[in-house]
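Participant: Before we start, here is the structure in question, set down as C-alpha cells.
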Amino acid sequence: MTFRISSLFKTTVAVGTLLLAAGASAKEPNVHTGRAAVYKDLRSESLEAVSTPAEIKGLLASNVAPTRIWKVLEHGEKLECLACVPVVSKLLYNSNAKTREISAWWLRRRIFGVFGPGQVYEQTLKNLADGTQPDSTRLYAANALGEFLSLSGVPALSKAVISDTSPRVRGAAVAGLERLNSAGQNGELTAALGDSDETVRLAALHASTRINVFADVEAVVALVSDSSSLVRRRAAEALGVMKASDSVAGLIALSSVEQEPEPAVRSAAIWALGQIGDSAASDAILAAQSDSDGFVRNAAAVAGRMLRL
Amino acid sequence: MARSVTSHLSLGTCALLGALGALSGCSGADAPSDEGVGKIVYAVRQHTVIADGQVESIDVAGGMGQVMDYGRYVPGGRLELLDLRTGKAENIIEDQPEADVSSVDLSFDATKVLFTMKKDSADAYHVYWAGLTRGADGKFPITQLTFGPHDDQQAIWAAGDRIVFTTNQAYTDMGTRADEYNHARVVTQLASITLTGGDADRKLCSQNLSHTVTLFSMADGRVGFSRWEHLENVNDVKLMAMNPDCTQMIGVSGQFGKPGNSLVQFTESSTPYVFYGIVTNRENTIQAGSLVKLDARWVKDGATQDKLDMEKGSEEAYTMLTPYVPTGEEASPVGRYRSPSVLPDGRLLVTWGDGSVNEQNELSLTPPDYGVYIYNPTTRANELVVNHAHSWELYAKPVVARETPQIITSRQNVTDASVPALFGSIDVRQTSLYSRHGNTVGGAQFADGTPLDIALRGAVKVRIIEGFSSEAATGATMFGLTMAEGAALIGEAKVESDGSWLANVPPYIPMHLQAIDEFELTIRNETTWIQGMPGEDRVCGGCHEDRTQPSLPGGQAITNARGRGPEEFMVPVLERVEYPWAGANDLANPNQIQTLLTAKCVSCHNETTNGNGPQEFYTVASMNEVTGESSEYEIPRLDLSDRPITVTYDRETHAWPASYVSIFYPAALEMEMGMGAEVTGTVPPKWGVPSDARHSVLIEKLNITSSLNPASYAWQLGTPFSAPVAGDVRSDHAAVAGLTREEVRMLIRAIDMGGQYYARQNTGFKPFNNDPVAGTQY
C-alpha cells in the first residue's frame, strides 16, 4: 500500500536528490547530512562518504579493480540497498580473499535482505554443508561465515572442521571459528589441533592464541613433537604467547640442535622459553647462545636477558 | 632484466652522479666530500615474480589497497646499500632469497640500518638491524631483535638506542581485535624495544581502534606517526606524536584541515616541526600520493616560534610540493610519490612511480614502476637515482649522520593494567575551538551559533566513553543503525567550580570524552580517541585548549579536583555501564533500553497507536533488478515496542525491534543510507541522531530538567518544537509518560554514546583468557 506523498516527503526527496547528486561525486560528497552536529565542525575530507547504490550494483562489471570494490563497499557501510545484496553476495565467491572478506563485512551490516529465510546467510550455510559443491565454494562459504560474525555459524563451521573431506575447507572452517572467537560448538578446535593434515593443524594453532576462551594448552603442547617442522614452530610460538609453564620441558627439547634440526623451530622454542621465564630453561638458553644459526643466537640473547642470565 | 643505474646513463657514471650534485661530492676525487652523501640504503620489494623466464605472478596492489595496509608479502626482496660513486649495489640480506623488507631506517650515527623483514612465507615480520660494513666473514652482520607469531613493522630509531615500531600483537582484555574497517587485519599498535635488549625490553603502548603506521623521529625526542582515526563518522589519517615511553599521545596535525584525507610517510626536516610527507586518499593509490611540506611551527604575531602548533589549518600549514599530483584517488597525470627523506642540501630523496598509480594499474595488471629519485622542490623535477625492473625501490635513506634527538627520560615503566591512567582537565572551559576554529553549539538551551567557550561554561560533568570494535560484541554482526563503534561508559566525572575534573580510568584502552551540561546533554563530543598508560598523568589544560599557551588553574596552587583527588572509574570490563538496546545477557540488566520503553512508553506508542492517534507508517521499497521482485518494509512513525519490523520479502521477518528502527532510521535515511529506495509516506523527524541527543527530537519531546535547578528545562516549555511533533509546543512529556529524570538520562546516554543496538552485555563477549602485558599465565 502506498501512502499519498506528503509535502514533507517531497521536500525530503528533493533534498535527498540534491544530496544524492552531490554525493554521487567522489570528490565533493555531502557528508554532514543526518549526522551529529559536531561533525559539521570537521572538514569533508575527514568524514566518511557514502557510496551510492549504483556504485555497488556496478561492482560485478569486468573492469572493476579489486581496490575499487573494497573502497565502494567500505563507504557503503550503512547503505540499505536491497538490490545491492545479490550483487555483493556473488562477491563472496570472488577469487580475491580481501574482496570476499569485505563483501561479507558489508552484508553482515545489513538490516534487511541477508539474514532472513532463504537469503544470503542461509545460502552460505547450505553451501558449506553441501559436499557436492566444489572445494573452493565450501572454502569460501566458510570464510564468509567467519566474517559474518554471527554465532549462528558456529555449528556449521564446527561440523566442517571435523567432517569436511577437504583439508582446505577444514582449515577455512577453523579460521572461521577464530573469527567468531569460538573454540567450536563442542571444542572442535582441539580436534583440529590433531587433524591429519598439517594445514589444518596450523590453522588451529593460529586460532589457539586468538580465541579469547581457548584454554586447552595440553593439545598445543602435544604438537611440539609434531612431524612437521612448521607445526612444531607454531606450537612453540603459541606456547610462548600463552606463557604455558607446563610446556617448558618440551620447549627445552626443541631448543637444542641435537633434537631439532630446524633453526626456525629452535628460535621459536627459545623465544617461548624467554616468555615463560622459568629458570629451568636457563641451561638450554645459555647453550643456544652458541648455536650455529645467528638468529637462534639472537633469540637466545633475548631470552637470556628475560631470565636475567 | 634488472635495469641498473648505469643503464640510464648516456654520459657516464659521473654525469649521473653529477645530477646528484653535492650529494656525492663527485668531482673526480675518490672520497665523497665531508658534507656529501656517498651511499643510500633502501628496500627492494618485488611485485613480479619470474620463474624460468616466465612471469609467474604479478601483485599490483595486494596489501597496499589502503595507506595503512600491512602484511603484503612477495618473496625476493632485498635491502640494498648503493654506493653513489661506483654505482655498486650490495644486498645486505643476501642470505635471505625469499625475504621481503617492509621498512628501513638509519641510525643517527649512520652506522646501522634498522629494518623489518619477513624471511619467508612461514615467517612473520620482525625487527632487525645490520651494520653497514661487512664483517670478517664477508657478510653484513645482522641481528634479529623481535620474535613471535605477530608482525612487527615500521621500525624507527629513537634517541637513546630505543627502537619504536608497530605491532599487531594482541593484548588486553579484548584479546584479538581487528580494525572495524580493515576487517580481519589485527590493528597495529605502537611498541618499543631497546637495541641491546630486543624483545626482552619490549613495551606495548596504549591501544587505538585503528592502525598506526609510518613512524618518524622528531628532534624534540618524540616519535611521530600517522594514525588512522575511525570514530563514528570520522575516517581519515592524521599525524600524532608521543614520548618514546608511550606517554602523551597527542595530535600534531590534520585535525583542523589538511589537503587530503590521509597524511602518511612523514619525516622531519632539519628544522624542528617542519616536515615532509605524503598526502593522499586513504585507498586506491597504492600507498602513494602528493608530496607536501608541513610547517607546524607556531606563528606568534607574525614571527615563527620554535614550538609546535597542532591547530594550524590546511592553508596555514601545508605547501603542496607537487601540485599536479592529485590528493584524491583519480588517475595522476604525473605519477605519485612515496616515503620522502630529506637530504642534507634540502632536496628530497623520494620514491616515485610514473603513470596513473591507482586502480588503473590493477586493471591493466601493470604495477607502478616505483624507483628512487631526488625531488627538487624548486625545479619540481625528479632526478633518477635507481630503478630496477620488476620491483619497487622504497624507503630510501641517505647514509649520512644526523643530529640525535633529545632524550626524553622514560617516566612510565609499569605494565600492570590494574594501575590506572589519570585523566582530567585543569579547566574544562579553556578551549581554542571557538577562538581559532569558530566551533559553536546549538540546540536545547543554547541558541544556534553559541560559541563553544560560552557553552562550556555550562559543563558540569565529563563523560568518559570506551570504544571497542565488533570482536567485543561477539556474535553481533554490527552495532546497529549507526556508524559508531561499540561504547561503554567508563564514568562521568564531576566538573568542579574552577572547571577542573580528575578521574582514574583503565589504561591501554581507547576512549573519548564528552563535556556534559546540567541537562545531561553533550556540549562537545571529542572526535578523537585518547588513551593512557598505567600510571600516566594525562591531565589536559581544558577541552581542547590552545596548546601554544600555558594552561593555568584559576588563581590557586592546585585545582579543586586535584585537591579532592581523582574519582575512581577502574571498573572491570564486564561491569562497565553499557546500554544494550535489547536482549541483554542478564535479564535484570537495569540499563536495557527496551525494558524502559516497554514499561513507560509502549502503552501509547505501539503498532496501532501513536500518542493520541493511530500509528502512521512510511514505506521503503526496493526493486531487485535481477529478479524483478520488489520488497518493501513498513516503518512506523514511532513504535517503541519490541515488535519485530516486518519485511515483506519471501515471507521474511526480521528481529529488529520497532523501537530501534523507529528512532534511528530517519537519521539514517537522511544520511543517504536509503539511497535507491522508494520512500512513500511521511518520514518522521530525526527522533534519534547517533551521538547527538541534543538534536534528537525524541529527547526534545520528552524534555529533561536541570540537575542544578529542577524548575529549568533543556527546552523551554511552551516554545515550538524544532520539527513537526505532536503537541506543537514543548512540554514535560517525560513527566506525562512517567519517566524519571534518571530514565531520560538513560535514553540521552544511549543516544550520545552512539545509538548502538549491541554492546558487550547483550552479546557473547568473554574477556581474553591471558594477559600478555601483565604476564598472567594459564
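Participant: Are any residues in segment B:734-760 in contact (Cβ under 8 Å) with a residue 12 or more places away in the chain, in a helix (DSSP H, G or I) and more than 23 Å from A:Arg108 (Cβ to Cβ), and if so, which ones?
Facilitator: Answer for segment B:734-760, where residues must be in contact (Cβ under 8 Å) with a residue 12 or more places away in the chain, in a helix (DSSP H, G or I) and more than 23 Å from A:Arg108 (Cβ to Cβ): B:Ala734, B:Ala737, B:Arg741, B:Glu743, B:Val744, B:Arg745, B:Met746, B:Leu747, B:Ile748, B:Arg749, B:Ile751, B:Asp752.
Participant: Run B:Ser497 past the list (1) on the phi < 0 side of the Ramachandran plot; (2) out of contact with any helix residue (DSSP H, G or I) (no Cβ under 7 Å at 6 or more places or on another chain); (3) in a loop (DSSP other than H, G, I, E, B) and report the number of the one that doesn't hold.
Facilitator: (2)
Participant: When you go through B:Tyr337, B:Tyr373 one by one, which is the residue that is among the hydroxyl-bearing types (Ser, Thr, Tyr) and within 28 Å of A:Ser46 (Cα to Cα)?
Facilitator: Going through B:Tyr337, B:Tyr373 in turn, just one is among the hydroxyl-bearing types (Ser, Thr, Tyr) and within 28 Å of A:Ser46 (Cα to Cα): B:Tyr337.
Participant: Another question, then. Could you check segment B:58-68 and list, in sequence order, the residues that are in a loop (DSSP other than H, G, I, E, B) and surrounded by fewer than 20 Cβ atoms within 10 Å (Cβ to Cβ)?
Facilitator: Selection gives B:Asp59, B:Gly63.
Residue-by-condition table, conditions (1) part of a helix (DSSP H, G or I); (2) more than 23 Å from B:Pro398 (Cα to Cα); (3) at pLDDT 90 or above; (4) not basic (Lys, Arg):
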position: B:Ala331; (1), (2), (3), (4): no, yes, yes, yes
position: B:Arg338; (1), (2), (3), (4): no, no, yes, no
position: B:Ser341; (1), (2), (3), (4): no, no, yes, yes
position: B:Pro344; (1), (2), (3), (4): no, no, yes, yes
position: B:Gln360; (1), (2), (3), (4): yes, yes, yes, yes
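Participant: Now for a separate question. Filter segment B:118-137 for residues that are in a strand (DSSP E or B) and surrounded by 22 or more Cβ atoms within 10 Å (Cβ to Cβ) and give the result.
Facilitator: Across segment B:118-137, the qualifying residues are B:Lys118, B:His126, B:Val127, B:Tyr128.
Participant: Taking B:Glu283 as meeting all but one of (1) more than 17 Å from A:Arg43 (Cβ to Cβ); (2) at pLDDT 95 or above, write down the number of the exception.
Facilitator: Of the numbered conditions (1) more than 17 Å from A:Arg43 (Cβ to Cβ); (2) at pLDDT 95 or above, the odd one out for B:Glu283 is (2).
Participant: Considering only segment B:92-103, I want to know if a residue exists there that is under 30 Å from A:Val64 (Cβ atoms) and touching a Pro at 6+ places or on another chain (Cβ under 7 Å).
Facilitator: Looking through segment B:92-103, at least one residue is under 30 Å from A:Val64 (Cβ atoms) and touching a Pro at 6+ places or on another chain (Cβ under 7 Å).
Participant: Next question, about the same structure. Pick out the one residue from B:Ala723, B:Ala693 that is over 24 Å from A:Phe112 (Cβ atoms), within 14 Å of chain A (Cβ to nearest Cβ) and touching an Asp or Glu at 6+ places or on another chain (Cβ under 6 Å).
Facilitator: B:Ala693
Participant: On the given criteria, is B:Val602 within 30 Å of the chain's Cα centre (by Cα) and not basic (Lys, Arg)?
Facilitator: no
Participant: Restricting the search to segment B:48-87, which residues are under 18 Å from B:Ala122 (Cα atoms) and modelled with pLDDT of 90 or more?
Facilitator: B:Arg72, B:Tyr73, B:Val74, B:Pro75, B:Gly76, B:Gly77, B:Arg78
Participant: Under 6 Å between Cβ atoms, at least 6 apart or on separate chains: pull out the pairs that start in segment A:127-144 with a residue that is more than 23 Å from A:Trp105 (Cα to Cα) and end on any residue that is crowded, with 24+ Cβ neighbours inside 10 Å and aliphatic (A, V, I, L, M).
Facilitator: Pairs found: none.
Participant: Looking only at segment B:113-133, count every residue that is touching a residue at least 24 places away in the same chain (Cβ under 8 Å) and among the basic types (Lys, Arg) and tell me the total.
Facilitator: 1
Participant: Within segment B:153-169, count every residue that is charged (D, E, K, R) and outside any strand (DSSP E or B).
Facilitator: 1
Participant: Restrict the check to segment B:452-465 and report whether at least one residue is under 27 Å from A:Glu74 (Cβ atoms) and modelled with pLDDT of 95 or more.
Facilitator: yes
Participant: Taking B:Glu492 as meeting all but one of (1) within 27 Å of B:Cys205 (Cα to Cα); (2) in a loop (DSSP other than H, G, I, E, B), write down the number of the exception.
Facilitator: Going through the list (1) within 27 Å of B:Cys205 (Cα to Cα); (2) in a loop (DSSP other than H, G, I, E, B), B:Glu492 breaks only (2).
Conditions tested, residue by residue: (1) over 24 Å from B:Ser469 (Cα atoms); (2) at pLDDT 95 or above; (3) touching a Pro at 6+ places or on another chain (Cβ under 6 Å).
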| residue | (1), (2), (3) |
| --- | --- |
| A:Asn127 | yes, yes, no |
| A:Ser136 | yes, yes, no |
| A:Phe148 | no, no, no |
| A:Gly153 | no, no, no |
| A:Ala160 | yes, yes, no |
| A:Thr165 | yes, yes, no |
| A:Thr199 | yes, yes, yes |
| A:Val213 | no, no, no |
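Participant: Another question about this same structure. Identify all residues within segment A:240-256 that are modelled with pLDDT of 95 or more and of a type in the set (A, V, I, L, M, F, W, C); write none if there are none.
Facilitator: Of everything in segment A:240-256, those that are modelled with pLDDT of 95 or more and of a type in the set (A, V, I, L, M, F, W, C) turn out to be A:Val248, A:Ala249, A:Leu251, A:Ile252, A:Ala253, A:Leu254.
Participant: Among the numbered criteria (1) more than 29 Å from B:Ala296 (Cα to Cα); (2) surrounded by fewer than 20 Cβ atoms within 10 Å (Cβ to Cβ); (3) free of Cβ contacts under 8 Å to residues at least 40 places away in the same chain, which single criterion is violated by B:Glu492?
Facilitator: (2)
Participant: I would also like to ask the following. What residue, among those in segment B:138-182 that are surrounded by fewer than 21 Cβ atoms within 10 Å (Cβ to Cβ), more than 9 Å from chain A (Cβ to nearest Cβ) and modelled with pLDDT of 95 or more, is farthest from the chain's Cα centre (by Cα)?
Facilitator: It comes out as B:Gly138.
Participant: Any residue at all in segment A:123-145 that's aromatic (Phe, Trp, Tyr) and within 11 Å of chain B (Cβ to nearest Cβ)?
Facilitator: No; the residues of segment A:123-145 include none that is aromatic (Phe, Trp, Tyr) and within 11 Å of chain B (Cβ to nearest Cβ).
Participant: Moving on to the next point. Pull up segment A:84-122, narrow it to residues that are of a type in the set (Val, Ile, Thr) and within 21 Å of A:Ala65 (Cβ to Cβ), then point me to the one that is nearest to the other protein chains (Cβ to nearest Cβ).
Facilitator: Among them, the one singled out is A:Ile102.
Participant: Within segment A:264-277, is even one residue more than 16 Å from A:Ala204 (Cβ to Cβ), surrounded by fewer than 20 Cβ atoms within 10 Å (Cβ to Cβ) and more than 28 Å from the chain's Cα centre (by Cα)?
Facilitator: Yes, segment A:264-277 contains a residue that is more than 16 Å from A:Ala204 (Cβ to Cβ), surrounded by fewer than 20 Cβ atoms within 10 Å (Cβ to Cβ) and more than 28 Å from the chain's Cα centre (by Cα).
Participant: Take the residues in segment A:217-251 that are crowded, with 23+ Cβ neighbours inside 10 Å and more than 27 Å from the chain's Cα centre (by Cα), then tell me which one is nearest to the other protein chains (Cβ to nearest Cβ).
Facilitator: That would be A:Ser247.
The values are calculated or read from the model by the stated rules, or taken from the named source; none is laboratory data. Here the structure is a predicted model, which is why all the values come from computation and not from measurement. All Cβ positions, glycine included, derive from the backbone under ideal geometry; neighbour counts span all protein chains shown.
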